[in-house]
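Trainee: Dumping the structure here so I can ask a few things about it.
The values are calculated or read from the model by the stated rules, or taken from the named source; none is laboratory data. Just so it is clear, the model here is predicted, and its values are computed rather than measured. Counting neighbours? That spans all protein chains shown, and the Cβs are built from the backbone with ideal geometry, glycine included.
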Amino acid sequence: MDFVFTLCDQAAGEVCPVWPGQPLSAHWGVEDPAAAPGSERQFRNAMIILTRRIEWFLSLPLAAIDNLSLQNKLDEIGKQGATNDD
């Protein structure tokens with residue numbers, strides 16, 4: 001099973017290219033760390049948020065969950081950790 005995750009908020013509204021194999025996709029947006037002053041802190045925050053999301057993703061029982069439920073879980077993960085305080 002393949003997955004495609006978009007991170008940039010600008011990419012969320014764009015049409016994604018056609019991926020072979022019909023992968024599941026989700027938008028896991030994070031603020032662009034390069035767009036803010038003091039970007040070292042922003043990069044660290046983005047890394048923490050994405051690390052958490054990847055850990056949640058890796059903990060999913062992929063073999064035991066149907067595609068619709070999995071898509072819902074991927075969407076939920078993308079809404080978690082929007083700030084470093086979550």
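Trainee: Being acidic (Asp, Glu), within 18 Å of residue 74 (Cα to Cα) and free of Cβ contacts under 8 Å to residues at least 60 places away in the same chain narrows it down to one of 40, 55, 31, so name that one.
Mentor: Selected residue: 55, the only one of 40, 55, 31 that is acidic (Asp, Glu), within 18 Å of residue 74 (Cα to Cα) and free of Cβ contacts under 8 Å to residues at least 60 places away in the same chain.
Trainee: Residues that are of a type in the set (A, V, I, L, M) and at pLDDT 85 or above: does region 33-42 have at least one?
Mentor: So far as region 33-42 goes, no, none of its residues is of a type in the set (A, V, I, L, M) and at pLDDT 85 or above.
Trainee: Would you say residue 31 is more than 17 Å from residue 71 (Cβ to Cβ) and exposed (fewer than 12 other Cβ atoms within 10 Å of the Cβ)?
Mentor: The answer is no for residue 31.
Trainee: Working only within region 53-70, note down all residues that are under 21 Å from residue 81 (Cβ atoms) and in a helix (DSSP H, G or I).
Mentor: 53, 54, 55, 56, 57, 58, 62, 69, 70, listed by residue number.
Trainee: For region 41-61, what are the residues that are under 18 Å from residue 2 (Cβ atoms) and exposed (fewer than 12 other Cβ atoms within 10 Å of the Cβ)?
Mentor: Of everything in region 41-61, those that are under 18 Å from residue 2 (Cβ atoms) and exposed (fewer than 12 other Cβ atoms within 10 Å of the Cβ) turn out to be 58, 61.
Trainee: Would you check if there is a residue in region 61-70 being touching a residue at least 12 places away in the same chain (Cβ under 8 Å) and touching a strand residue (DSSP E or B) at 6+ places or on another chain (Cβ under 9 Å)?
Mentor: yes
Trainee: Is it true that residue 12 is modelled with pLDDT under 85 and in contact with a strand residue (DSSP E or B) (Cβ under 6 Å, 6 or more places away or on another chain)?
Mentor: Yes; evaluated as a whole, the condition is true for this residue.
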